[in-house]
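The values are calculated or read from the model by the stated rules, or taken from the named source; none is laboratory data. Predicted model, so just to flag it, every value in this text is computed and none were measured. Neighbour counts are summed over all protein chains in view; Cβ atoms, including those assigned to glycine, are modelled from backbone coordinates with ideal geometry. Quick note on the areas: whole protein, heavy atoms, side chains included, nothing else; ligands and nucleic acids left out. Shrake-Rupley method; radii C 1.70, N 1.55, O 1.52, S 1.80 Å.
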Amino acid sequence: MLANQIAAERGLPLLDLAVVPVSTSALVGLLQTDVRQPGDPLFHFHRGELPVIVDALDEGRLLSGEQNFEEFLKTLWEFMSQDRAVTNRPKLVMLGRNETIDLVATSIALYGPALNVTRFEVSFFDEDGARQLIDAYARSTSLAGSQYSTHLEPAQRVVDAYFAAIEAALGLQEGHLWVSAQGRAFAGYAPVLAALGSLLARIDNYMDVRNRLLATGSRRSTGIGEAWDVIELVALEILAREQRKLCDALRPQVKEDLPAQTYDPYEQLSYLSRFVHNDSPRQTGRVTLPGADMVAYHRLAEQYLPEHPFVRGREFSNAVLGSMVLAHAVAYDLLGTMGSEQLRDLSRQPFLWRSFRRLLNEGEVTLLDGRYVGCILNSMWSDPVVDLRQVSITSSTESEGAGQLIVQHSNAERWKLELVLPVELYGQVRDCDIDLAGQLICRGHDRGDGPSSFYVRGAVALVADKVTLATDRINLYGRIWLAADKLEHGDRLVVQVAQDAEIGFGGEFRDRYPWNRLVATVSDPDAVRPRGDDVLFELVDQCWQKLPGVLTLNHDYSVTDDRRVRWVKRQFPEEFPKLIKLMVEKDLAHAETFASSGQTKIRVHFTLTWSDLRDALEDPEQAGSRIAEFVAEAHRRLRSK
């Protein structure tokens, strides 16, 4: 957006490296062939009269390849160094993320040391800028005679209380919100400030909101989730205001008392999710009124929706409020075939994930349609303050043909969702273990003016019965294993591998073009996520996440051929049978024998839950002597061969 804005305002050429591959002397050739005005573009470039905007450096590295990209940079600096008559005007503006900008800086130091360089960083707002932005949005959205326009000082006290509550929710020392990187990433994020400003313009009673924020701030915490609750507290105040307005107008039109659910936050978010997609609001079934009264309620809701503070016209007011609505719609599966593009667009920011996370923590959501998984994860991976330990997508051991998503945070927060297959990822996957007995779709991000791209970053093991790559390009960073019994993608798929990436393939990935043209350096999926020193804890942790309370096993305590538990064979083929056998010996589980398909199998029932065993491993001092003895023996047996 910034690149397009600069180029449009100044009438300058824009080179988008996500679309245009480059190599040796590429800029010189493009200036000579593509620029018609002014005449002799190379002369005007050297005079600083024809600056060039170069966008998407990161995507350009993958599209062009590392060697071609480095040649492009080298010859670019050599070309610019040929004419140093004008050195006080900008000739080139390049935009990219820190890692690639550092590469550009190194290249300049090697091949253009005489060039003058200025580096700018787009970052989060400081306190003064944040307050100015809140005020600007509040003024732009407030109505004539509103509380904000007439009671500015109480509104500023709400802003003070808001920042104090964010500081407390993040567990920061008093006065450290704006000096902490995490604090600025949360409190100085422009879309959040814009949302707060637009909401501030609609608040009727600043004292009530301030008091609730102060009460929240008095409970110091250490969680990002709690910080997001502070933001949603302000949004919920607006929803409560809208509920009061509609109910006050509805009461004279109905005969019955209004249920508490009438136009409550759930109702409003449900109606808004359809309203922005040009679909008429539908009754949720939560509000029960006689026929005529129900018609009056529905009609009034339709009248109020166009003026709702969360929307302008039929679009969301901003990304934060839109994410709240769509997170609700995803959680309760209200979108149907609507809103896919809007959901994908919002998934590029962290707000969709943060709103959905609150619903998870409140226990509102336990089942998720697999087509939404990619958007939720893409939003989570876009969060600058999220701290993850593990993300896994596996087959459900509870339901045939289903999956489960498990996210474990470094602060011990954990959540688990059952998934409806197929599972679709969007834009990227990073540091994730996927082993799915079903279909996995990897859908690329479509820029609209170029090929779609899907990114694989970090330590990723991606194994599924069927993998569909719905993208023009797939870009591989990190240490990666890809395997599928059946692989689908376009004939012109482009695979770009970063220079330091380590990759390996199984199934159809190994045999099909263009994958069979790549050199594999990883031999099996275990190498992607090597086991740590404490094998027992890793095994119990995986069992805690992925296994039910009753297991069907072979007579030697190994897992069956059930594809839903193939991760056991892959990761712990020797350790798992030893652990289960020991649990039976120590009366922490009991096994019953039965015949199945002519084979003897056992059904294992556990008296000690995986959760209790995991807790004992994390805190041995709290475990009883019996469990402590079991843990010591389990460590000994799993170390032995």
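Based on protein heavy atoms only, the chain ends up with 46 Å² per residue of surface accessible to a 1.4 Å probe.
Protein-only accessible surface at a 1.4 angstrom probe places the residues Y513, Y111, Y162, Y455 in the order Y513, Y111, Y455, Y162, largest first. Would you be so kind as to identify which of V330, V568, G11 lies farthest towards the positive end of the dipole of the chain, taking Lys and Arg as +1 and Asp and Glu as -1 on Cβ and the Cα centre as origin? Farthest along the dipole direction, towards plus: G11. Pairwise Cα distances in segment 222-301 exceed 15 Å in 61 percent of cases. In plain terms, the chain from A260 to A215 could stretch by 13.7 nm, reckoned as 0.36 nm per residue minus the Cα-Cα distance.
Excluding residues fewer than 8 places away in the same chain, name every one of the aspartates and glutamates whose C-alpha is closer than 13 Å to that of K569. Hits, sequence-local ones excluded: D435, D524, D526, D561.
Does segment 5-81 classify as rounded, prolate or oblate by the C-alpha gyration tensor (a ≥ b ≥ c root eigenvalues; a/c under 1.5 gives rounded; else a/b over b/c gives prolate, otherwise oblate)? Don't skip to the end; give the middle numbers.
Details: a/c = 2.09, a/b = 1.39, b/c = 1.50.
In terms of gyration-tensor shape, oblate.
Give me the percent relative contact order of the chain, please, defined on Cα pairs under 8 angstrom at least 6 residues apart. Walk me through the intermediate numbers first.
On the way: 1080 pairs, mean separation 41.4, N = 641.
Relative contact order here is 6 percent.
For segment 293-333, the list of chymotrypsin sites (Phe, Trp or Tyr not before Pro) that fall in a loop by DSSP and count at most 16 other C-beta atoms within 10 angstrom reads Y332.
Across segment 168-272, C-alpha contacts under 8 Å between residues 6 or more apart give a mean separation that, scaled by the residue count, equals a relative contact order of 32 percent. Note on the chain: helix-only mean residue ellipticity at 222 nm, from DSSP H runs of 4+ residues weighted -39500 (n - 2.57) and normalised by residue number, equals -13000 deg cm²/dmol. Loop-located trypsin sites (Lys or Arg not before Pro) across segment 158-262 with a Cβ neighbour count of 16 or fewer within 10 Å are R219, R220, K255, with loop assigned by DSSP. Computed from label points 7 Å out along Cα-Cβ, the spacing between A181 and L110 is 2.7 nm.
What GluC sites (Glu not before Pro) in segment 330-420 are in a loop by DSSP, with at most 13 other Cβ atoms within 10 Å of the Cβ? All intermediate terms of the calculation are to be shown ahead of the outcome.
Numbers: sites: E341, E362, E364, E398, E400, E413, E418; in loops: E362, E364, E398, E400, E413.
Those that pass, being in a loop and sparsely packed, are E362, E364, E398, E400.
Assuming a ≥ b ≥ c are the square roots of the Cα gyration tensor eigenvalues, decide whether segment 535-591 counts as rounded (a/c under 1.5), prolate (otherwise, with a/b larger than b/c) or oblate. Taking the square roots of the gyration eigenvalues as a ≥ b ≥ c, segment 535-591 is rounded.
Shape call for the chain from the C-alpha gyration tensor, a ≥ b ≥ c root eigenvalues: rounded (a/c under 1.5), prolate (a/b greater than b/c) or oblate? It is oblate, given that a/c is not under 1.5 and a/b is not larger than b/c.
Output the antiparallel fraction of DSSP beta bridges having both residues in the chain, as a percent to the nearest 5. Intermediate values should be presented prior to the final figure.
On the way: 31 of 84 bridges.
Bridges in the chain are about 35 percent antiparallel.
Counting 0.36 nm for each residue step from E307 to K586 and taking away their Cα separation leaves a gain of 93.8 nm. Backbone amide hydrogens, once placed in the peptide plane, bring L92 within less than 5 Å of V52, excluding anything fewer than 5 places away on its chain. Here the label points at F120 and L2, each 7 Å from Cα along the C-beta direction, are separated by 0.7 nm in the simple model.
Using 0.36 nm per residue of separation minus the Cα-Cα distance, give me the extension gain between S410 and V385 in nm, one decimal.
Working: separation 25, 0.36 × 25 = 9.00 nm, distance 1.18 nm.
Between S410 and V385, full extension yields an extra 7.8 nm.
The modelled label-to-label distance between N205 and L236, using points 7 Å beyond Cα along the C-beta direction, is 1.6 nm.
Placing +1 on the Cβ of every Lys and Arg and -1 on the Cβ of every Asp and Glu, with no other charges, gives segment 317-419 a dipole of roughly 300 debye about its Cα centre.
Note on the chain: dipole from Cβ charges, positive end direction compared against L440, V604, A168; the farthest Cα belongs to L440. For the chain, the residue among T118, S180, F509 whose Cα projects farthest onto the positive side of the dipole built from Cβ charges is F509. Overall, the chain carries a charge dipole of about 420 debye about its Cα centre when +1 sits on the Cβ of Lys and Arg and -1 on the Cβ of Asp and Glu, all other atoms neutral.
Round to a whole number: what % of the accessible area of segment 41-157 belongs to carbon and sulfur, probe 1.4 Å? Intermediate results must be reported in sequence, preceding the final value.
Details: 3210 of 6430 Å².
With neighbouring chains kept in place, the figure for segment 41-157 is 50 percent.
Explain nothing, just the number: dipole magnitude of segment 1-121 about its Cα centre with +1 on each Lys and Arg Cβ and -1 on each Asp and Glu Cβ, in debye rounded to the nearest 20. Provide the component values of the computation, followed by the final result.
Details: 10 positive and 16 negative charges, 86 e Å.
Value, rounded to 20: 420 debye.
The distance from the alpha carbon centre of segment 259-318 to that of segment 408-483 is 35 Å, rounded to a whole number. Of S149, S317, the order by accessible heavy-atom surface (1.4 Å probe, DNA, RNA and ligands excluded), from most exposed downward, is S149, S317.
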